[in-house]
Amino acid sequence: MEHSNYIASANDKPLFTPGPLTTSRSVKQAMLRDLGSRDSAFVNLVRDVRQRLLALAGVAAPDYECVIMQGSGTYSVEAVISSAVSAQGKLLAISNGAYGQRIIQIAKVHKIDATILTYPEDAKPTAADVEAALAQDPALTHVALVHSETTTGMINPIDEIGAVVKRHKRRFIVDAMSSFGGMPLEPDKTGIDFLVSSANKCIEGVPGFGLILASRAALLECEGRARSLSLDVFGQWKALEANGQFRFTPPTHALLAFHQALDELVAEGGVIARAQRYSKNYQTLVAGMRSLGFKEYLQPQDQGHIIVSFRFPDHPRFEFEEFYSRLSDKGYVIYPGKVSNADCFRIGCIGRLFPADFAALLAAIRAVKLEMNFEA
Ligand SMILES: Cc1ncc(COP(=O)(O)O)c(C=O)c1O
């Protein structure tokens with residue numbers, strides 16, 4: 001069985017997290033260069049990355065444009081929300097988890113008028129609710145939704161909701177942070193006007209920037225709407241188009257790594273092949289965890305193959321900090337929970353990890369369970 005080639009130094013542990021995640025040795029090695037931000041080699045690399053990101057989503061200029069934004073994923077979500085919704089505009093923010101809540105928080109900070117559609121973390125937003133909200137309030141101009149809600153691992157129904165948003169001729173913003181590259185996504189067919197993701201998720205690059213795929217019509221509307229200088233999506237795009245350069249210092253090394261990561265995604269067989277690997281990781285994980293007695297937070301039909309939330313075992317000798325530390329001591333990094341109404345921990349299925357890595361993690365979990373002597 002194939003193993004990951006993550007070991008860049010003897011001390012690196014595989015990261016069973018939603019990012020930053022385990023990257024290949026060759027992705028890390030691609031950063032061993034110093035490129036000037038105005039150097040033609042770097043400008044050409046950025047142009048190539050932007051084109052390939054569009055191609056990955058099955059779209060191309062001039063219908064869709066790709067904007068790269070420095071910072072973590074949240075910076076790009078904030079850039080889109082604060083650049084797209086005008087002073088007179090209004091956002092329908094849909095939330096069933098912490099990342100949906102973050103969109104609401106962004107709207108609040110920027111004093112953007114918003115209607116909030118909140119669901120419990122184990123429930124899916126429905127197209128019927130979105131239809132009712134849009135029909136009732138003509139002032140709503142934009143709808144924002146997270147695709148893979150990394151809080152739980154839930155996959156939200158973007159196709160059904162996208163169809164409603166388009167029928168009502170509103171703009172659709174999708175936070176596809178933890179799904180883009182790891183699940184097939186077709187922004188044009190789904191009616192997505194702004195798709196946001198980041199370098200250190202399913203494309204398996206290193207942290208440093210976010211990426212925005214925007215329909216050109218929606219992007220052009222952003223001119224003059226931005227509420228900040230550095231997070232101006234239109235301004236960033238204009239600069240990238242003008243001379244291929246970033247307005248402010250770009251994350252050159254992260255882009256070098258990302259270019260290599262895109263090559264490795266192609267070599268693996270593209271998004272479909274990557275989704276199959278992640279899906280096998282997920283199946284290995286869930287089958288093994290169930291056999292150890294652990295229970296998932298979500299129903300299997302709502303669960304994606306990106307990340308899984310497991311409930312804390314209801315046993316007095318289970319203590320998460322100790323469980324986490326013992327696993328880390330054995331060389332395996334898992335992730336704390338984020339669900340608000342249940343005690344959970346999370347295990348990510350993405351990154352340069354293979355089913356054999358999950359089999360090794362499961363063996364370590366079995367050993368820790370015996371050491372701590374708890375029942376799951
Ligand atoms: C769905 C989703 N949105 C937003 C973010 C925030 O990204 P970052 O932590 O890179 O700012 C994450 C991070 O995991 C995420 O999974």
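Residue 47 satisfies every condition listed in (1) touching a Gly at 6+ places or on another chain (Cβ under 7 Å); (2) assigned to a loop (DSSP other than H, G, I, E, B); (3) among the basic types (Lys, Arg) except (2).
Residue-level check: of (1) buried (at least 17 other Cβ atoms within 10 Å of the Cβ); (2) β-branched (Val, Ile, Thr); (3) not in a helix (DSSP H, G or I), residue 271 misses just (3).
Just the residues that are within 24 Å of residue 261 (Cβ to Cβ) and within 16 Å of the ligand (Cβ to nearest atom), please, taken from the range 159-186. Correct list: 174, 175, 176, 177, 178, 179, 180, 181, 182, 183, 185. Yes or no: the range 126-133 includes at least one residue that is in contact (Cβ under 8 Å) with a residue 40 or more places away in the chain and touching a helix residue (DSSP H, G or I) at 6+ places or on another chain (Cβ under 7 Å). Within the range 126-133, not a single residue is in contact (Cβ under 8 Å) with a residue 40 or more places away in the chain and touching a helix residue (DSSP H, G or I) at 6+ places or on another chain (Cβ under 7 Å).
Screening the range 209-232 for residues that are part of a strand (DSSP E or B) and away from the ligand (no atom under 16 Å from the Cβ) and picking the one that is nearest to residue 79 (Cα to Cα) gives 214. Criterion applied to 108, 28 was being away from the ligand (no atom under 12 Å from the Cβ), under 27 Å from residue 229 (Cα atoms) and basic (Lys, Arg), and the one residue passing it is 108. Considering only residues in the range 155-194 that are in contact with a helix residue (DSSP H, G or I) (Cβ under 8 Å, 6 or more places away or on another chain) and acidic (Asp, Glu), the one that is surrounded by the most Cβ atoms within 10 Å (Cβ to Cβ) turns out to be 175. Scanning the range 67-89 for residues that are in contact with a helix residue (DSSP H, G or I) (Cβ under 9 Å, 6 or more places away or on another chain), surrounded by fewer than 21 Cβ atoms within 10 Å (Cβ to Cβ) and among the charged types (D, E, K, R) turns up nothing. The set of residues from the range 69-90 being touching a His at 6+ places or on another chain (Cβ under 9 Å) and closer than 19 Å to residue 201 by Cα comprises just one member, 78. Of all residues in the range 90-105, those satisfying the criterion of being under 22 Å from residue 232 (Cβ atoms), within 13 Å of the ligand (Cβ to nearest atom) and surrounded by fewer than 23 Cβ atoms within 10 Å (Cβ to Cβ) are 102, 104, 105.
Could you please find all residues in the range 323-342 being under 23 Å from residue 122 (Cβ atoms) and surrounded by fewer than 16 Cβ atoms within 10 Å (Cβ to Cβ)? Answer for the range 323-342, where residues must be under 23 Å from residue 122 (Cβ atoms) and surrounded by fewer than 16 Cβ atoms within 10 Å (Cβ to Cβ): 336, 340, 341, 342. Restricting attention to the range 280-309, the residues being outside any loop (DSSP other than H, G, I, E, B) and either under 23 Å from residue 366 (Cβ atoms) or not assigned by TED's automatic domain parsing to the domain that holds residue 336 (or both) number 18.
The values are calculated or read from the model by the stated rules, or taken from the named source; none is laboratory data. Predicted, not measured: the structure shown is a model, and the values here were computed from it. Here Cβ is always computed from backbone atoms with ideal geometry, including for glycine, and neighbour counts include all displayed protein chains.
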